[in-house]
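See structure below.
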Amino acid sequence: MATQPHFGVMVPQFKRTWEESRSAASGFESMGYDSLWVNDHLYGATSPQTPVLEAWAMLAGLAAITERVELGTLVTPTAMRNPAHLGKTIATVDSMSGGRIIPGLGAGWMEREFTDFGMPFPPIGERLRHLRESIEFFRRMWSEEALTFQGELIQSEDLYCAPAPARPPPILVGGTGEKVTLRIVAELADIWNNSARNQSLLEHKVNVLKGHCAEAGRDFSELVISQQCVVTIAEDEAALAPMVEKAQKIYGGHMGDPAGPIALTGTPDKVGDRIQEHLNLGCSMFMIEFFGRDTREPAALFAEKVLPRFR
């Protein structure tokens, strides 16, 4: 488990220009955040017409304009791209960043992101088997000189990947399915990310994961637990009510309830208390979506008033 809380920030990506994303990312790094994250979506969640920057191309750009922060995806559906090509892309972006990539992997859920871009959208059981197989495939691809891999869904023969990643990239798995996804996490992942939609269920999901770790003979303390979350923060309570109301309308439950029992909503002191609640549950990593049109403003308040409490 991480010895110190890790605070990552989602980079503005939807309905944003690259210049807006680049400027925000540079600002977040200068504020002292630990990592930057992008969504791996080819379409917006509510409309395929929503402008969105592609995740791995965007991470390549962020790798070039940052120096310290780690960089990752929440999350890349493994079956949405050719796995060998995806593994090569990840290795290349890792090389560009000097070894700062955290590949976030998952099963995916939006059918048109697959089919409109020429990939089949198999049933969820097959997508989860692909996720499991991909983790093994990537780890071997990044460490063996020439990989011959004969899986159920992924095959390769004498596959080369050079340059290899500068470090063994820590694998993050996102998803909350208790029977299959959390078992994959227990057996294979380095980091588990709980979705914002399931933030209020964090304690329950962690307990399920502990059970899978025990069954797999895995030391639960080897896993890092992370939480995708919206942070709605203001200097005083009076400013919060309209912000929470607007956040509930915009996110519509997709990013959880800003007024939920452990939501990171409130003044800096209250948000800090909520973070401590997460730490008490074993969650030490936060992927933050700051609420606001210019997310640098609430990020700066958080960096000034909340981060020092945990450093």
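A few comments on the model shown:
- Of all residues in segment 275-296, those being more than 20 Å from the chain's Cα centre (by Cα) and at pLDDT 95 or above number 3.
- Among the candidates D94, D116, residue that is under 18 Å from L172 (Cα atoms) and either basic (K, R) or touching a Pro at 6+ places or on another chain (Cβ under 8 Å) (or both): D94
- None of A189, A91, A164, A146 is surrounded by 16 or more Cβ atoms within 10 Å (Cβ to Cβ) and farther than 22 Å from G8 by Cβ except A164.
- Filter result (part of a helix (DSSP H, G or I) and of a type in the set (V, I, T)) within segment 83-109: T89, I90, T92, V93
- T176 being surrounded by fewer than 22 Cβ atoms within 10 Å (Cβ to Cβ) and either in contact with a His (Cβ under 6 Å, 6 or more places away or on another chain) or modelled with pLDDT of 95 or more (or both): yes
- The one condition from (1) under 15 Å from M10 (Cα atoms); (2) β-branched (V, I, T); (3) modelled with pLDDT of 95 or more that V271 does not meet is (1).
- Taken over segment 44-85, residues that are over 17 Å from the mean Cα position of the chain (by Cα), farther than 18 Å from S26 by Cβ and of a type outside the set (G, A, S) amount to 9.
- Residues that are more than 24 Å from H254 (Cα to Cα) and surrounded by fewer than 22 Cβ atoms within 10 Å (Cβ to Cβ), drawn from segment 94-116: S95, M96, S97, G98, G99
- Which listed residue is loosely packed, with under 14 Cβ neighbours inside 10 Å, among the hydrophobic types (A, V, I, L, M, F, W, C) and within 22 Å of S195 (Cβ to Cβ), from I233, I250: I250
- Qualifying residue in segment 119-130 (condition: in a strand (DSSP E or B), buried (at least 18 other Cβ atoms within 10 Å of the Cβ), in contact (Cβ under 8 Å) with a residue 24 or more places away in the chain and in contact with a strand residue (DSSP E or B) (Cβ under 8 Å, 6 or more places away or on another chain)): no
- Test: residue in segment 257-273 that is surrounded by 18 or more Cβ atoms within 10 Å (Cβ to Cβ), in contact with a Cys (Cβ under 6 Å, 6 or more places away or on another chain) and within 18 Å of H6 (Cβ to Cβ): yes
- Of the criteria (1) within 22 Å of A57 (Cβ to Cβ); (2) of a type outside the set (A, V, I, L, M, F, W, C); (3) within 20 Å of the chain's Cα centre (by Cα), which one D116 fails: (3)
- For segment 29-47, filtering for residues that are at pLDDT 95 or above, farther than 23 Å from V306 by Cβ and not in a strand (DSSP E or B) leaves 4.
- Pair list, Cβ under 9 Å, 6 or more apart: segment 77-104 residue farther than 20 Å from S226 by Cβ, other residue of a type in the set (D, E): A79/E126; M80/D40; M80/E113; P83/E133; G98/E67
- Pairs, first free of Cβ contacts under 8 Å to residues at least 24 places away in the same chain in segment 276-289, second hydrophobic (A, V, I, L, M, F, W, C), C-beta under 8 Å, six or more apart: E277/I262
- Test for R22: is it at pLDDT 95 or above and surrounded by 14 or more Cβ atoms within 10 Å (Cβ to Cβ): yes
- Among the residues of segment 250-282, those identified as under 20 Å from N39 (Cβ atoms) and of a type outside the set (A, V, I, L, M) are Y251, G252, G253, H254, G256, D257, P258.
- Residues in segment 48-73 that are assigned to a strand (DSSP E or B) and among the acidic types (D, E): 1 in all.
- Residues of segment 33-58 classified as under 15 Å from F290 (Cα atoms) and in contact (Cβ under 8 Å) with a residue 60 or more places away in the chain, total: 3
The values are calculated or read from the model by the stated rules, or taken from the named source; none is laboratory data. Note that this is a predicted model, so its numbers are computed, not measured. Neighbour counts run over all protein chains shown; Cβ positions are idealised from the backbone, glycine included.
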